[in-house]
Amino acid sequence: MEYFIELFFSGLTRGSIYALIALGYTMVYGIIGLINFAHGEIYMIGAFTSFIVATVLSILGFPLLAIFVIAALAAAVWSSAYGFTVEKLAYKPLRNAPRLSPLISAIGMSIFLQNYVLLAQTSDFMPFPQLIPEFGFMEPIAGIIGSSDLVILLTTAVVMVILTWLIKFTRIGKAMRATAQDRTMAMLVGINVNHVISVTFIIGSALAAIGGLLIASHVGQINFFIGFIAGIKAFTAAVLGGIGSIPGAVLGSFILGLTEAFATGYVSSDYEDVFAFSLLVLILIFRPSGLLGKATIEKV
Amino acid sequence: MTEKTTPDTPILEVSGLTMDFGGIRALDHLDLRIRQGEIVALIGPNGAGKTTVFNCLTGIYKPTSGELLRTPTGLATRRLNGLKPNKVTQQGLARTFQNIRLFPNMTVLENVMIGRHCRTRATVLGAIFRDRKTVREEKKIVALAYSILKKIGLADMINEFAKNLPYGAQRRLEIARALATDPTILLLDEPAAGMNPHETAELDELITGIRDDGLSILLIEHDMKLVMSLSDHIFVMDYGKKIAEGSPNNVRNNPAVIKAYLGEDVEDA
Amino acid sequence: MISLKDLKNAFLVSLWFVFLTFPLMVIKVNPFERTIDWRWQNMGYVAAGSFICYLASRFFLASKAAKQKKQKLLDIPDKPKSDWQQRLLSEPRLYLPVLGVILAILLIFPQIFSTYQINIMITALMYVVLGLGLNIVVGVAGLLDLGYVAFYAVGAYSYALLNLHFGLGFWAVLPIGGLLAAGFGIILGFPVLRLRGDYLAIVTLGFGEIIRLILENWNDFSRGPSGISNIPRPGFFGMEMTLNQSISYLYYLMIALVIFTIFVVNRLQNSRIGRAWFALREDEIACQAMGIDKTRTKLSAFSLGAFWAGMVGVIFAAKTTFVNPASFTFLESAIILCIVVLGGMGSIIGVIIAALILMLLPEYLRAFSDYRMLVFGATLVLMMVFCPLGIISTVRRTYTIDKNLKTSNDREDYT
């Protein structure tokens, strides 16, 4: 039973990270109908930036809490900057191009960013400084849920609440929802669509960066290639929940995280990635609109 | 074609055609029939569901209920329900599209040659080895496509990309492409849209010519002058329902039709 | 051409990129020795590079716009951009001598150059065939297949395994590998046919990764990550060959395969099936409405594209005498896709040129080879943004019609 609960919490932790990344996919897809293939790389850049900043600060002897906060801020700022720039360079010029063009451009961007980090930094796995201490009050249940799991779950919950507020109750949130429903109409009623798209990329990237920081400090190491698998899995989660739907992405992420945790815990860890890919293929074939998504009819 | 048909036997019969999109009923128990060699027009205000009828007939949408029957003279009746679009075309129904859907980066001749696909059978091996049968078939395709283009009046542009044609020529090319599939019923979705009066007059002649070749035509059109001059029979639709049918004169004076087009009087409302 | 405003913008852009690349380009930490390396010179490179790139792209776009304006003013219709290309490619008198010279160079190549050079050339030629194969799927039929490498793996492993267990030779497996890959194309293609373009891309990516992961984890079948070694090189009527001889032999074999591929692919493109593929790429709904069976057409494109990957896979196994799953990652698919995109979707000559450029340039510009994947990624983006038609746009076949042609179907003119 204890093993079950342990797996359950590890699944929730995984799910939280997937959710932070999946939100970026689903928001971008909702607004411009593009599978932002480079999103996994934005997450990786977030992790790498926080790695660099945290290591520098710890060498300079800053206290742990300050390192955590500054590293998180730096990761969010720079990931957002990358997300913003990628959109301006690789997707904006292709707004009216055939559907596959921006996708190919996104794949190119993904390969480019991976190798950019590889060349600018290193191809080795780097040890990530431990930013989350083992809390004293967690000791009695440390065998079931670790301190970093707790921090990840809490952070994700806070971020979700802020995001929901942002989308439901703010001006820009309203503009985002309008643009997602009908871009031309949004433009006609005076919404600056380019601005909305940029903001979407910035928010999505910042969320991914937080996810990057959390998972890196949880796992304890990073390299330039972590974005690929994480990106695919988060995309799977987004599709599972119904791409374009924000609650769907969160739901899909938790389902994926939990099933993965139980499958690796009870069955075998060799085929962990095969499992995620197979799930992706099966959903797309049998229910491409996902759990909470709406099926679309093509106009003729 | 040479066979004499009695005017009363339809070659296409639609009964009780209903189509729901989610909660919206786009077509509501619609009945239509087309007889051999007839030009039948389908008219109605925007959003009446005319194009939806075409999409159901050609297998692009699956109707919620209703019967689509193809009753070729002298042959067994065939249900069109549930057939894929390409099978419908094989049954002799060919269509054009409201928003032109040519193959823009293929030449004019190739666009028409595509129409021959379902009437030819060259295989992959034939394509690689170019045996005599395949070569002969290929020659026939080119010849037939060219002869259709000559009739349509596009013979001097065969190697032009379809996207580079002027608008009117693109609409004609769509008709040529549909003709290449050897249809017995031609479905034209607003063929005169965006044409000037001169082009429309040419189109009138073209459609009459096609009918004189023995084809039946189902036509969606907003240009009432064209509809009145061409049609043998008119169906009027509004909100997915048939509100009137009959000869052009009949329909012109039908109060229900006038109401649908011009709206009700303020006093009645 | 360049105004003061452009210069000011270029300055702002380079400032932005300096900020953007600051943590990753400038700081390098060593967490083991706890040292920080500040690489300030990189900041200068980034600033200068982005400044120049911005001005270059402004210049490019401005000249493009000016050209279009001029065309509009003179009322020149939107001509295909490369008239001389079209002429060169459509007139045998012009291209046959060029072809002859190229062929002659290719044939004496192994006599002049070292084994090392020949090996590079063999690899490049393998990518020519892979590019032509994927071109059928992506370029001609418009189905974005991101898992093409799976078929390559099927070919390579079919030679390795059939040779290991049944002792089958290279020549026996070459067609078998191709056919097996084509079969896999149908099996994998069948469930994904209903999917929209971008979903299809992701599912094929998933399939590619699944096949690689299975090869990696199913030790009993594929010997896992350590792979299969001691695969024999291709034989020639049982002749004993030195290493150099067998490499030259493989080279000629590859040349023959390239010519065979060009021949077949060219004939396919100009056939009933090829036209159906093009139509499918142009407009799926219209294509169906014209009586083309979407399922069959897509499957034929999938399997005929996969066929070449299978054959090249067999050759790859024979060339390296060793296969393991690490050779069949997604990046491999991306490189082949890059060849197709750079070559101009659907253009045979374009794909050949692109494959040779992308494979040979990094080898010969040694300083460049670290930046290979970086350049590939950038190429995909830049091609899509600036030149989506590729370096050589598709040449459609032109037909000449005998005007006095009488056909049995000749009817009176309608108009």
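Here, each number is a calculation from the coordinates, and none is a lab measurement. Source: prediction; values computed, not measured. Backbone-built Cβ (ideal geometry, glycine too); neighbour counts: all protein chains shown.
When the charge dipole of the protein assembly as shown is built from unit charges on Cβ atoms (+1 for Lys and Arg, -1 for Asp and Glu) and taken about the Cα centre, the candidate among A:187, B:77, B:181 whose Cα reaches farthest toward its positive end is B:181. Principal semi-axes of the equivalent ellipsoid, √(5λ) from the alpha carbon gyration tensor of segment A:108-196, are 39, 26, 9 Å from largest down.
Between rounded, prolate and oblate, where does segment B:78-206 land on the alpha carbon gyration tensor, with a ≥ b ≥ c its root eigenvalues, rounded for a/c under 1.5, else prolate if a/b exceeds b/c? Oblate is the answer for segment B:78-206, as a/c is 1.5 or above yet b/c matches or exceeds a/b. Legend: distances between Cα atoms for B:163/C:70; B:62/B:163; A:88/C:5; A:88/A:174; pairs beyond 26 Å are B:62/B:163. Between segment A:178-218 and segment A:87-104, how far is it from one alpha carbon centroid to the other, in angstrom? Centre-to-centre (Cα) distance: 16 Å.
Computing FRET efficiency as 1/(1 + (r/R0)^6) for residue C:164 and residue C:243, where r is the C-beta to C-beta distance and R0 is 25 Å, gives about 0.70. Pairs spanning more than 29 Å between alpha-carbon atoms, out of B:150/B:241; B:139/C:294; B:151/C:298: B:150/B:241; B:151/C:298. How high is the relative contact order of segment B:56-159, given as a whole-number percent (alpha carbon pairs under 8 Å, six or more residues apart)? After rounding, I find 22 percent.
For segment C:184-229, trypsin sites (Lys or Arg not before Pro) meeting the loop criterion (DSSP other than H, G, I, E, B) and having at most 15 other Cβ atoms within 10 Å: C:194, C:196. Using only Cα positions of segment B:1-87, each an equal point scatterer, no hydration layer, compute I(q)/I(0) via Debye at q = 0.10, 0.19, 0.26 Å⁻¹ and quote the log10 values to two decimals. For the requested q values the scattering log ratios are -0.27, -0.90, -1.38. For A:195, B:117, A:218, A:39, the sequence from fewest to most other C-beta atoms within 10 Å is A:195, A:218, B:117, A:39. Using C-alpha pairs below 8 Å separated by at least 6 residues, the relative contact order for segment A:172-273 is 11 percent. Does chain C classify as rounded, prolate or oblate by the C-alpha gyration tensor (a ≥ b ≥ c root eigenvalues; a/c under 1.5 gives rounded; else a/b over b/c gives prolate, otherwise oblate)? Oblate, because a/c is 1.5 or more while a/b does not exceed b/c. By its C-alpha gyration tensor, with a ≥ b ≥ c as the square roots of the eigenvalues, how is segment A:152-300 shaped: rounded for a/c under 1.5, else prolate for a/b larger than b/c, else oblate? Oblate, since a/c reaches 1.5 and b/c is not below a/b. Scanning residues 5 or more positions from residue B:237 or on other chains, those with amide H under 5 Å from its amide H are B:43, B:44, B:243, with H placed 1.01 Å from N in the peptide plane. Once the GluC sites (Glu not before Pro) in DSSP loops with at most 15 neighbouring Cβ atoms within 10 Å are cut out of chain C, the longest remaining piece is C:34-239. Ignoring trypsin sites (Lys or Arg not before Pro) that are buried or in helix or strand per DSSP, and keeping those with at most 15 other beta carbon atoms within 10 Å, what is the longest stretch of chain A between them? Between exposed loop sites, the widest span is A:100-293. Annotation for segment A:107-163: chymotrypsin sites (Phe, Trp or Tyr not before Pro) lying in DSSP loop with at most 14 further Cβ atoms inside 10 Å of their Cβ are A:125, A:135.
Measuring between their Cα centroids, segment C:276-291 and segment B:149-185 lie 16 Å from each other.
Within 10 Å of each candidate Cβ there may be at most 12 other Cβ atoms; applying that plus a DSSP loop requirement, which GluC sites (Glu not before Pro) in segment B:166-269 survive? Those satisfying the criteria are B:264, B:267. When only Cα pairs below 8 angstrom with a gap of at least 6 residues are kept, segment C:4-73 shows a relative contact order of 36 percent. The longest stretch of chain B left intact once loop-based trypsin sites (Lys or Arg not before Pro) with at most 16 other Cβ atoms within 10 Å are removed from consideration, loops following DSSP, is B:131-269.
Less than 5 angstrom separates the built amide H of residue B:217 from those of B:38, B:39, B:40, B:186, all sequence-distant by 5 or more or on a different chain. Partner shielding of C:196-204 amounts to 6, given as the average count of beta-carbon atoms from other chains within 10 Å of each residue beta-carbon.
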